[in-house]
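Here's the structure we're looking at; comments come further down.
The values are calculated or read from the model by the stated rules, or taken from the named source; none is laboratory data. All values reported here derive from a predicted model rather than from experimental measurement. In this analysis, Cβ positions are derived from the backbone assuming ideal geometry, glycine residues included, and neighbour counts consider all displayed protein chains.
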Amino acid sequence: MIYLDHNATSPPRPGVAEAMLAAMTATYGNPSSVHGPGRRARQILDDARRAVARLVGVHESRVIFTSGGTESNHLALLGLAEAADHRGTILTSAIEHPSVLNPLERLQARGMRVIKLPVDAMGRVDAQDVERALTPDTRLVSIMAANNETGVLQPIAAIGALCRTAKVPFHCDATQWFGKLPLGVDAIGAELITLSAHKSGGPKGCGALIAGAALPLAPLLLGGGQERGRRSGTENLPGIAGFGLLAGQLAGQIEDESQRIMALQKKMERELLKSVPDAIILGSDAERLPNTTAMLIPGVDGETLVMTLDLAGFAISSGAACSSGKNNPSHVPLAMGWTPEATRSMVRVSLGWETTGTMVDSFISAFQRSVDRLRKGSAFA
Ligand code: PMP
């Protein structure tokens, strides 16, 4: 199987599984215990926190380990809203991940105002829309760094600057950015940043929210007061050990790796457009993640193409993993102005750290064969 679905999840990088196993066996202690096994576990936790903080360019006191992107988004949104007594307005965009949009619906039901900013035909939020929508009533702005379906990068540095001037906290869901492009708080420009380990070769069920100590943030989980009281519960040490190892590895290779993957993406898109000339690459004129290519294939059902390619030995997806199989057209291309019918023809190919040129070459010919076969099939249907 050739795996080209890294935005759904990415296979573990070398060393990650071993670090996790060691944290379950050799270092089984509870990091809050004062005895030797506890202190050794605490060391793993501290080292991982330092590695993540260094990669992002923040002080380690700002790293709150969580169970992943979904929880980090909840903590940022629900935690800040509760601290603001559920009053005021939150600005977001129409293309956020459901783990942002769904908690915002709950906040709306509790009386907060939520404004969903539109995107243009390339899937970009306009920073000027953010500027126009900011008012003294705004409690939070939440805009993702890179869209999970299209890979389109959002103008987060500009939005961050606007929020700083307006003294409004900015939350950025950087789940898909993390591990695919160099990540620094300066590039992101947000004081609340969501990270997840499993989209770039780390373990599932582990992530972090980067949040300054001064930010009012009501914890979602109350209990033993772990993570400086911001996220109680005995830490997921195996996950955190794997996340720390990932962060350490990324620090040394993210620049070169993103260049290498971008070259593969460029070549793949060129060849795919030669073999299926009417395919439309979503966000083609926008800056995108170097690994993500979402396409509409006129006359072809995206899910059927995914299944055909699966049988041929290639794993891609028809959109976000969390919405595939649901038969609802994805909200992202719809927000870009595509019809529900066009949206159903979407497939997403996402490359990753272990993708090679040979894999991409065999994918290109399988893709062409599968599209041809489905189109011929539907012509006789
Ligand atoms: N935000 C984005 C943009 C994502 O792509 C995902 C994963 N699909 C999440 C949040 C949720 O992350 P996790 O799977 O770690 O909960």
(request) Looking only at the stretch 157-187, count how many residues are buried (at least 16 other Cβ atoms within 10 Å of the Cβ), touching a Phe, Trp or Tyr at 6+ places or on another chain (Cβ under 9 Å) and more than 19 Å from V332 (Cβ to Cβ). (result) 6
(request) Can you run down the residue pairs with Cβ atoms below 6 Å, 6 or more apart or on separate chains, where the first is in the stretch 9-26 and within 13 Å of G179 (Cβ to Cβ) and touching a residue at least 12 places away in the same chain (Cβ under 8 Å) and the partner is within 16 Å of the ligand (Cβ to nearest atom) and among the basic types (K, R)? (result) S10/K199
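When you go through I95, I64 one by one, which is the residue that is in the same structural domain as I156 (by TED's automatic domain parsing), in a strand (DSSP E or B), within 16 Å of the ligand (Cβ to nearest atom) and within 20 Å of the chain's Cα centre (by Cα)? Break it down into steps so the answer makes sense when it comes.
Values: I95 fails: in a strand (DSSP E or B).
None of the other options fit; the residue is I64.
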(message) Any residue in the stretch 99-110 that is without any contact (Cβ under 8 Å) to a residue 12 or more places away in the chain sitting within a Cβ distance under 8 Å of a residue that is more than 16 Å from the ligand (Cβ to nearest atom)? List the pairs, counting only those 6 or more apart or interchain.
(response) E105/V114; Q108/V114
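Conditions (1) of a type in the set (F, W, Y); (2) away from the ligand (no atom under 16 Å from the Cβ); (3) exposed (fewer than 15 other Cβ atoms within 10 Å of the Cβ), marked per residue:
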| position | (1), (2), (3) |
| --- | --- |
| L91 | no, yes, no |
| R110 | no, yes, yes |
| I115 | no, yes, no |
| R124 | no, no, no |
| D129 | no, yes, no |
| M144 | no, no, no |
| G151 | no, no, no |
| P155 | no, yes, no |
(message) With touching a residue at least 60 places away in the same chain (Cβ under 8 Å), more than 15 Å from the ligand (Cβ to nearest atom) and out of contact with any strand residue (DSSP E or B) (no Cβ under 6 Å at 6 or more places or on another chain) as the only criterion, which of G189, G223, G212 stands out?
(response) G212
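Condition test on S200, is it surrounded by 24 or more Cβ atoms within 10 Å (Cβ to Cβ), of a type outside the set (D, E) and not in a helix (DSSP H, G or I)? Can you show your working first?
Working: surrounded by 24 or more Cβ atoms within 10 Å (Cβ to Cβ): yes; of a type outside the set (D, E): yes; not in a helix (DSSP H, G or I): yes.
Yes: the conditions hold for S200.
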(message) With the requirement that a residue be small (G, A, S) and within 21 Å of L215 (Cβ to Cβ), what does the stretch 81-126 give you?
(response) A81, A83, A84, G88, S99
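Applying the selection to the stretch 338-381, what residues are farther than 14 Å from M268 by Cβ, in a loop (DSSP other than H, G, I, E, B) and in contact (Cβ under 8 Å) with a residue 40 or more places away in the chain?
Of all residues in the stretch 338-381, those farther than 14 Å from M268 by Cβ come to 338-346, 353-354, 369-381.
Retained after the next criterion (residues that are in a loop (DSSP other than H, G, I, E, B)): 338-339, 344-345, 353-354, 381.
If the condition is that a residue be farther than 14 Å from M268 by Cβ, in a loop (DSSP other than H, G, I, E, B) and in contact (Cβ under 8 Å) with a residue 40 or more places away in the chain, then W338, R344, S345, W353, E354 are the ones that fit.
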(request) Take the residues in the stretch 157-177 that are of a type outside the set (S, T, N, Q) and in contact (Cβ under 8 Å) with a residue 40 or more places away in the chain, then tell me which one is nearest to the ligand (Cβ to nearest atom). (result) D173
(message) I need the full set of residues from the stretch 1-53 which are polar (S, T, N, Q) and not in a helix (DSSP H, G or I), in order please.
(response) N7, T9, S10, T25, T27, N30, S32, S33
(request) Return a yes/no flag: does the stretch 76-85 have any residue that is within 16 Å of the ligand (Cβ to nearest atom) and touching a strand residue (DSSP E or B) at 6+ places or on another chain (Cβ under 6 Å). (result) yes
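Only one of G302, G313, G283 is surrounded by 22 or more Cβ atoms within 10 Å (Cβ to Cβ), more than 16 Å from the ligand (Cβ to nearest atom) and not hydrophobic (A, V, I, L, M, F, W, C). Can you tell me which?
Numbers: G313 fails: surrounded by 22 or more Cβ atoms within 10 Å (Cβ to Cβ); G283 fails: more than 16 Å from the ligand (Cβ to nearest atom).
The match here is G302.
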(request) Please indicate, with yes or no, whether at least one residue in the stretch 324-337 is more than 17 Å from the chain's Cα centre (by Cα), part of a strand (DSSP E or B) and modelled with pLDDT of 95 or more. (result) no
